[in-house]
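Trainee: Attaching a single structure in structure tokens format; questions to follow.
What follows draws every value from the coordinates through simple rules; no lab data is involved. Remember, predicted model here, so these are calculated numbers, not experimental data. Please note: Cβ atoms are built from the backbone with ideal geometry, for glycine as well, and neighbour counts cover all protein chains shown.
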Amino acid sequence: MVKVYVEDGQFKVKGTFDFGYMGVYKDDLISVDCDCSDIRYEWDSVYEMTKESDVTDEDIAAYITGRFNEAEEKIQKNIRMINSDFLYHIYDDMKGCSREFWEREELRVPGFDYDDPDFNFYRIPLGASGYKGYGVGKPNDGSVEKSDFEASLRENAPMFNLDNFIKGIKPESMVLSANYISFQCSDIYNWALICGAYDRIDLRDLSFTDWHNY
């Protein structure tokens, strides 16, 4: 949970926000997209508050605190889908640039022959069921049926040490706006599997709306 407070006309955040595999964001890694003066006109919900009664910057900070914590609760309630959608985007990017993850010892699986000429991580037939419901604009709030992409990846790609990969994800920044919460993360392996990965999550249905990596 987090608490938003006012300091020198800016909203500051203290606490932690658990974004699943995308990392646990803390204190200065978390911000609000507007300062105290602009938010009164930039956020429709805050503008409506100011029309109904006099509100202080501290009142607005309390409102934003609620927004952050409600968003975290909603994300945690649907964390399986959020995590799988994130992994879907990462795997799709890895296929697109053919990153040789097995060059990093931490991401290898003992006993697997990575020199086998028939080995090709990027031709794994995950099948239509593995991809069902994932991609930009697809809800992650339980409103539509989705496959379990993580389970499909683990089943079809046992040569990829997914657990170590997830442990190596490094949170960089998170921003709350009127209807979205954005994040950016990378990894500790310096192998461009994740390099400033960014997306903006729609708080209404938790869909990924603006994926970028590299």
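Trainee: ³J(HN,Hα) across the range 80-94 via Karplus (A = 6.51, B = -1.76, C = 1.60, θ = phi - 60°), whole Hz, x for Gly/Pro?
Mentor: The phi angles translate into 4, 5, 4, 4, 5, 5, 4, 5, 4, 5, 5, 4, 4, 5, 4 Hz.
Trainee: Right, something else. With springs only between Cα atoms under 10 Å apart, run a GNM on the chain and tell me which of G20, G96, G135 wobbles the most.
Mentor: Maximum among the listed residues: G96.
Trainee: Using 0.36 nm times the number of residues separating Q76 and Y41, minus their current alpha carbon distance, what extension gain do you get?
Mentor: Length difference between fully extended and current span is 9.6 nm.
Trainee: Quick one: putting +1 on the C-beta of Lys and Arg, -1 on the C-beta of Asp and Glu, what dipole do you get for the chain around its Cα centre, in Debye to the nearest 20?
Mentor: 520 debye
Trainee: Here's something else I'd like to know. Consider a paramagnetic label point 7 Å from the Cα of Y63 along Cα→Cβ; state which residues of the range 17-32 have an amide N under 16 Å from it.
Mentor: The answer is 32.
Trainee: Per residue, how much space in cubic angstrom lies within the convex hull of the C-alpha atoms of the chain?
Mentor: Enclosed volume per residue, from the Cα hull, is 119 Å³.
Trainee: Lys/Arg Cβ at +1, Asp/Glu Cβ at -1, dipole of the chain taken about the Cα centre: which of A151, N213, M81 is farthest positive-ward?
Mentor: In the chain, that residue is A151.
Trainee: Who wins for biggest fluctuation among D199, D28, D116 in a Gaussian network model of the chain, springs between alpha carbons below 10 Å?
Mentor: Highest fluctuation of the listed residues: D116.
Trainee: Give the cross-link partners of K12 among the lysines, using a straight C-alpha distance below 25 Å as the criterion and excluding same-chain residues fewer than 8 apart.
Mentor: Qualifying lysines at Cα under 25 Å: K3, K26, K51, K74, K170.
Trainee: Once the piece of chain linking E172 and S143 is laid out straight, how much longer is it, given 0.36 nm per residue of separation minus the C-alpha distance between them?
Mentor: That works out to 7.5 nm of additional length.
Trainee: How about the range 35-109: which GluC sites (Glu not before Pro) there lie in a loop by DSSP and see at most 14 other Cβ atoms within 10 Å?
Mentor: E100
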